[in-house]
């Protein structure tokens with residue numbers, strides 16, 4: 001199953017997608033490399049530049065620029081993000097980009113999981129804190145996301161949550177969300193790329209509720225089928241069926257039938 005999404009830009013330069021020009025010295029490109037059923041929503045956050053004493057009356061519009069997603073529509077992964085903006089006569093500079101990562105696992109509107117990543121921008125950083133750029137002007141933020149599954153409701157419908165972690169320079173998954181830090185003078189005309197891989201293995205979201213068996217996982221029955229928590233409590237013989245997001249009744253995950 002594949003679901004794609006659409007990313008739109010709005011703010012003081014609403015015509016950006018239609019050709020509202022931003023000089024390369026005043027912007028950078030944010031792009032992604034993610035599985036086909038993933039997308040993102042980015043919110044670029046701004047504050048008055050150093051030395052400014054002005055304020056913006058409408059912070060939701062003045063301080064932030066947002067790229068919004070819409071479900072089930074193809075989107076382009078590239079977003080041109082201004083470094084500086086002027087709103088209500090106030091000169092603003094970017095200091096952070098909040099990234100919400102979304103992934104679909106079913107066709108219903110609520111069948112998705114999400115987690116976050118972040119780009120931090122400062123005037124100065126210690127050398128060891130700064131991300132570097134290659135000769136093509138691209139810098140990578142690497143992360144890995146993993147699905148965690150559970151059952152919910154009276155029919156024990158399977159649902160999933162998404163957890164994303166950063167990947168270090170040695171390719172190891174570490175604690176914390178994917179993050180990249182840059183100085184203002186690093187970004188003009190450059191590209192920041194969020195690379196997200198999906199872990200091969202899915203895991204139960206709640207401990208002692210599923211049992212690992214050859215071919216997948218089986219759901220413990222608990223006290224009865226109506227038991228919403230249904231912890232195993234040492235009973236690894238009595239299992240229940242569950243429903244996949246598409247409505248199929250199954251006895252083992254992910255293969256459905258044993």
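Structure notes:
- Each Cα pair under 8 Å and six or more residues apart adds its sequence gap; the mean of these over the residue count of segment 206-254 is a relative contact order of 35 percent.
- Span from the segment 169-226 Cα centroid across to the segment 94-109 one, whole angstrom: 14
- Cα-Cα pairs of segment 146-205 separated by more than 20 Å (percent): 48
- Per-selection Kirkwood Rh - segment 206-254 (Cα, Å, 1 d.p.): 11.0
Every number here is computed from the coordinates shown, using simple stated rules; none is lab data. Quantities reported herein were computed from a predicted structural model and do not represent experimental measurements.
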